[in-house]
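See below for the structure under consideration.
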Amino acid sequence: MAARALFPFLFLGLAGGAAAQGRAVGVYGLWGAFAEKNRCYAIAEPQRTIGNNPRGAFASVGWWPDRRVGGQVHFRMSHVKRQGSAVLLRIDERTFQLVGGGDNAWAPDPRADADIVAAMRIGVQMTIETRSERGALVRDLYALRGAASAVDAAAIACARRS
């Protein structure tokens, strides 16, 4: 129960100093939406990781109106990935291959961004998986409850700024 009460503050920690400049649009289930001067985004932390989460893993969908970029997915993984290792995103029964380096991963192109966001809207759970620098399995599991509402709220917040 106490964890639920602290949940909205989680997003402030995930977004770091940037959230201090922006404003919370809302918390929707396990996802939050934020608006800043030049971007808006929906964000969540993993519900479970293999091992610990030393790098502050998160999943986000962002908009940058000035750059005409919208609905771009970004994942910070809980561990740095091994060079040459594939990064797979599973949303229920669908699998997407991501591109990335270090502890970050993205969709390979805008079409894949749109496909991933569409799958997130109707999905129940999402898992990102790769191998760490040491070869260990990295698997971060996200619940998608609230993702569609947070994505919509972030998109609307940035549309109002245009």
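The values are calculated or read from the model by the stated rules, or taken from the named source; none is laboratory data. Remember, it's a predicted structure, so these values are computed and weren't measured experimentally. Cβ atoms come from the backbone with ideal geometry, glycine included; neighbour counts cover every protein chain shown.
Among the residues of the stretch 95-120, those that are surrounded by fewer than 14 Cβ atoms within 10 Å (Cβ to Cβ) and either of a type in the set (A, V, I, L, M) or under 14 Å from residue 73 (Cβ atoms) (or both) comprise 97, 99, 108, 109, 110, 111. Whether a residue is touching a residue at least 24 places away in the same chain (Cβ under 8 Å), farther than 23 Å from residue 150 by Cβ and of a type in the set (Ser, Thr, Tyr) was assessed, and residue 85 passes this test.
Of all the numbered requirements in (1) in contact (Cβ under 8 Å) with a residue 40 or more places away in the chain; (2) surrounded by fewer than 20 Cβ atoms within 10 Å (Cβ to Cβ); (3) hydrophobic (A, V, I, L, M, F, W, C), residue 157 misses one, and that requirement is (2). Residue 74 meets each of the listed conditions (1) over 17 Å from residue 153 (Cβ atoms); (2) within 11 Å of the chain's Cα centre (by Cα); (3) at pLDDT below 90; (4) not acidic (Asp, Glu) apart from (3).
The set of residues in the stretch 107-147 that are closer than 25 Å to residue 26 by Cβ and part of a strand (DSSP E or B) comprises 125, 126, 128, 140, 141, 142, 143. Selection within the stretch 74-94: residues that are in contact with a Gly (Cβ under 6 Å, 6 or more places away or on another chain) and either part of a strand (DSSP E or B) or on the phi < 0 side of the Ramachandran plot (or both). The member of this set that is surrounded by the fewest Cβ atoms within 10 Å (Cβ to Cβ) is 80. For the stretch 123-148, the set of residues classified as at pLDDT below 90 and buried (at least 20 other Cβ atoms within 10 Å of the Cβ) consists of 138 only.
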